[in-house]
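For reference, the structure discussed in these notes is given below.
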Amino acid sequence: MGRQTKRRALSVALVIGVGVLAVLGPPASAQSTSPSDSSSTSSSSDSTSSSSSSDSTSSTGDSTPTSTEAVQGTLLDKKGTADSKDDEPVKGVKVNAEDASGKQVGTATADEDGKFTISLPGPGHYLVRLALDTLPKGVTLDESAATREFDISPDQVRTLVFDIGGAARHTTGKFEQFQQAAADGAYFGLIIALCAVGLSLIYGTTGLVNFAHGELITFGAIVAYYFNRNLGWPLLLAAPVAVVFGGAFGWLQYTGLWGPLRRRGTGNIAQMVISIGLALSLVNVYQYFFGALTRPYSDFHAQRAVAIGTIELAPKKLVSMAICLLLLVAVAVALQRTRTGKAMRAISDNPDLASSTGIDVDHVVRVVWVLGAALAALGGILFSIAQDVNFEQGSGLLLLLFAAITLGGLGEAYGALVGGFVVGLFVNVSTVWIPTELKNVGALAVLIIVLLIRPQGILGRAERIG
């Protein structure tokens, strides 16, 4: 590749990488958030799956809120059972909203479906309270459970959950909590494994520790969001297109940046520093175009959980787990059986020897970048279906990705599969015994212990140094 061609490729990579977001949507400051956008975290989104719907409906009909800030919810009597079929809408309940000073700023009455929406005067701190004297006969709720405090950001619609008649659903024993945490951890672990495969393959074939891999995860989630929300495409169509865009973004990065750097003989340390700068740049680009708010897709935002014994999982999580398993098995088979997969493993073992046997190393590495970026984009979409989309979600997962590939064995694709699942599972299971804020610390502690016992990782091979 000539010098002029390299310059053109680099220009294309920089222009298209930023231009995709510019074409799909205007800067965040010029966007208005859809009334169904919510900043709820995964816990509130998943709990909503068994007690409320995200489809906002005014107490006076099917109209949407007239102001940009609002609060909404669905009141359901769970009848004290784990079966969502027993849920019944609680209608006629008066819902009052108060500001930080205690002044009432809005009120609504739950409709026939138990839904309510209250428009708020603007951003700030609010309190929503159910009028207990308006609850139907036979339906009871503690005073503390009838009140919710929350903060509203500009252009945000907040979804609230009130646990009516659901006391019997809460697990009290450690074993029941462990079961639920293990199920959630299996989902999270499969997402981590899917995203970590590409990072491990890139390291194995090029020696690059890519700190910008997390931004490939975010890229897929944001592109899918723009197709889904801005263009109105169903997520089932927007997601595959976003995965293609993610793979193309990986190809552009390699063609315009990493490929030329490798051919010039740039050291791995220098490339790692460049990847850190690229990651920081992309995070700021995402924030500029997407904004700092966490936003959900228009599809599958809130679902009723499926009860499997004492475990409750939303259907979207079950489907995501099935997709991850299918793709991980497909990647493992491809690495073992296909010609390109064997070439990838050969380059990981010895690039010079692989090149001397006739393998086109540059072509194979380019395929690795496309595959790794596409898998990362899909992982970002599946993660965002449950967690919603945020401009820095990929960078938040990056530490766990590095822990996964180190635990499984540096450069070992199969090790990334195992390490990712173990890390994701332990992160969630550890919350049964330790505070949620420390869950990542527990995962890293396991990483340290395993490496002390087996420095090459679970599936890595011991090598003689010196």
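What to note about this one:
- Filtering the stretch 407-449 to residues that are in a helix (DSSP H, G or I), open to solvent by 40 Å² or more (accessible area, probe 1.4 Å) and either of a type outside the set (A, V, I, L, M) or touching a strand residue (DSSP E or B) at 6+ places or on another chain (Cβ under 6 Å) (or both) leaves 414, 421, 426, 431, 436, 437, 439, 440.
- Within the stretch 127-138, being closer than 16 Å to residue 77 by Cβ, in a strand (DSSP E or B) and among the charged types (D, E, K, R) holds for no residue.
- Considering 140, 134, 147, the condition of being open to solvent by 60 Å² or more (accessible area, probe 1.4 Å) and β-branched (Val, Ile, Thr) is satisfied by 140 alone.
- Filtered residue count, the stretch 139-159, keeping only those that are in contact with a Leu (Cβ under 7 Å, 6 or more places away or on another chain), within 17 Å of residue 73 (Cα to Cα) and not hydrophobic (A, V, I, L, M, F, W, C): 4
- Residue within the stretch 176-183 that is more than 30 Å from residue 416 (Cβ to Cβ) and open to solvent by less than 30 Å² (accessible area, probe 1.4 Å) present: no
- Qualifying residue in the stretch 202-209 (condition: out of contact with any Gly (no Cβ under 6 Å at 6 or more places or on another chain), assigned to a loop (DSSP other than H, G, I, E, B), open to solvent by 10 Å² or more (accessible area, probe 1.4 Å) and on the phi > 0 side of the Ramachandran plot): yes
- Residue match in the stretch 361-373 (condition: open to solvent by 20 Å² or more (accessible area, probe 1.4 Å), under 25 Å from residue 333 (Cβ atoms), out of contact with any Pro (no Cβ under 8 Å at 6 or more places or on another chain) and without any contact (Cβ under 8 Å) to a residue 40 or more places away in the chain): yes
- Residue count for the stretch 329-347, restricted to those that are open to solvent by 40 Å² or more (accessible area, probe 1.4 Å) and either in a helix (DSSP H, G or I) or in contact (Cβ under 8 Å) with a residue 24 or more places away in the chain (or both): 9.
Quick grid of which residues meet (1) more than 17 Å from residue 189 (Cα to Cα); (2) in contact with an Asp or Glu (Cβ under 9 Å, 6 or more places away or on another chain):
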position	(1), (2)
360	yes, no
363	yes, no
402	no, no
407	no, no
414	no, no
430	no, no
437	yes, no
451	yes, no
456	yes, yes
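- The set of residues in the stretch 273-292 that are open to solvent by less than 50 Å² (accessible area, probe 1.4 Å) and not small (Gly, Ala, Ser) comprises 278, 282, 283, 285, 286, 289, 290.
- If you go through the stretch 293-327 and keep only what is part of a loop (DSSP other than H, G, I, E, B) and out of contact with any strand residue (DSSP E or B) (no Cβ under 9 Å at 6 or more places or on another chain), you end up with 293, 298, 299, 300, 303, 304, 309, 310.
- Any chance residue 235 is touching an Asp or Glu at 6+ places or on another chain (Cβ under 6 Å) and within 22 Å of residue 328 (Cα to Cα): yes
- The residue that is farthest from residue 278 (Cα to Cα), counting only those in the stretch 232-247 that are in contact (Cβ under 8 Å) with a residue 12 or more places away in the chain and of a type in the set (A, V, I, L, M), is 236.
Table: residues versus (1) assigned to a helix (DSSP H, G or I); (2) crowded, with 17+ Cβ neighbours inside 10 Å; (3) modelled with pLDDT under 90; (4) touching a helix residue (DSSP H, G or I) at 6+ places or on another chain (Cβ under 8 Å).
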site	(1), (2), (3), (4)
85	yes, no, yes, no
92	no, no, yes, yes
96	no, no, no, no
101	no, no, yes, no
106	no, yes, no, no
112	no, no, yes, no
118	no, yes, no, no
125	no, no, yes, no
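- Options 197, 223, 244: the member that is assigned to a helix (DSSP H, G or I), under 30 Å from residue 432 (Cβ atoms) and among the aliphatic types (A, V, I, L, M): 197
The values are calculated or read from the model by the stated rules, or taken from the named source; none is laboratory data. Remember, it's a predicted structure, so these values are computed and weren't measured experimentally. In this analysis, Cβ positions are derived from the backbone assuming ideal geometry, glycine residues included, and neighbour counts consider all displayed protein chains. Side chains included, ligands, DNA and RNA excluded: accessible areas come from the protein's heavy atoms. Shrake-Rupley method; radii C 1.70, N 1.55, O 1.52, S 1.80 Å.
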